[in-house]
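Below is one structure, written out as structure tokens; the observations come after it.
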Amino acid sequence: MNPYTYVISLRVKHPTQDLSYLDSLLEIKAKGGWLAGEQRMTPKGTILDGRYTDSYWYSVITNDPEESDNIDIETSLEEWTNKLSTHSAELNRITNEGGTIEYFIWIYCDRNLGIDISPNLMKNISSLGISLGVVCDP
């Protein structure tokens, strides 16, 4: 059992392209997103000033508390990186066109902890053009 729980989201931005096709390509359902040029709004639908400058797509890829209890962050990242590697050409195209791809990790813990991501895993994540964002929440 891990001394923490976590949630990992996959976040993708692109300057112009509609990213909704990622649902079928990656075989995961989007949790949210928008198109470049659409009116900005809050998650509840309240209209905000301006328009979105980039298209955005995101999905929560690990959110089962039991999973985060039994599988450490490193193993989850490795499994998802292996799965996403079959789409490396498409992911690299997104980043080559000015887009970004990110694993965004929320860690929930009540004490200090360390996460060790091996050089090999960092290399594999990087080769897909994926960055890591980490937030710890006590």
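The values are calculated or read from the model by the stated rules, or taken from the named source; none is laboratory data. Remember, it's a predicted structure, so these values are computed and weren't measured experimentally. Note: ideal-geometry Cβ built from the backbone for every residue, glycine included; neighbour counts use all protein chains shown.
Of all the residues that make up region 90-138, how many are touching a strand residue (DSSP E or B) at 6+ places or on another chain (Cβ under 7 Å) and among the charged types (D, E, K, R)?
Matching residues across region 90-138 total 3.
Could you list, in sequence order, all residues of region 18-55 that are farther than 18 Å from residue 87 by Cα and of a type in the set (Ser, Thr, Tyr)?
Hits for region 18-55 are 42, 46, 52, 53, 55.
If the Cβ limit is 6 Å and pairs must be 6+ apart or interchain, which residue in region 52-75 that is of a type in the set (A, V, I, L, M, F, W, C) pairs with which residue that is outside any loop (DSSP other than H, G, I, E, B) and surrounded by 15 or more Cβ atoms within 10 Å (Cβ to Cβ)?
Note: pairs meeting the criteria are 57/12; 57/22; 57/33; 60/9; 61/8; 61/10; 61/80; 73/6.
Residue by residue through region 111-136, note down the ones that are assigned to a strand (DSSP E or B), at pLDDT below 95 and among the β-branched types (Val, Ile, Thr).
134, 135
Rundown of residues vs (1) surrounded by 18 or more Cβ atoms within 10 Å (Cβ to Cβ); (2) touching a Ser or Thr at 6+ places or on another chain (Cβ under 8 Å); (3) closer than 14 Å to residue 2 by Cβ; (4) modelled with pLDDT of 95 or more, yes/no style:
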{"position": "51", "(1), (2), (3), (4)": "no, no, no, yes"}
{"position": "55", "(1), (2), (3), (4)": "yes, yes, no, yes"}
{"position": "59", "(1), (2), (3), (4)": "yes, yes, no, yes"}
{"position": "62", "(1), (2), (3), (4)": "yes, yes, yes, no"}
{"position": "67", "(1), (2), (3), (4)": "no, yes, yes, no"}
{"position": "72", "(1), (2), (3), (4)": "no, no, yes, no"}
{"position": "80", "(1), (2), (3), (4)": "yes, yes, no, yes"}
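Let me confirm something: among 130, 107, which residue is more than 23 Å from residue 2 (Cα to Cα) and surrounded by 15 or more Cβ atoms within 10 Å (Cβ to Cβ)? Full working, then the answer.
Values: 107 fails: more than 23 Å from residue 2 (Cα to Cα).
Only one candidate qualifies: 130.
Determine, yes or no, whether residue 16 is surrounded by fewer than 16 Cβ atoms within 10 Å (Cβ to Cβ), hydroxyl-bearing (Ser, Thr, Tyr) and not in a strand (DSSP E or B).
On the way: surrounded by fewer than 16 Cβ atoms within 10 Å (Cβ to Cβ): yes; hydroxyl-bearing (Ser, Thr, Tyr): yes; not in a strand (DSSP E or B): yes.
Criteria met by residue 16.
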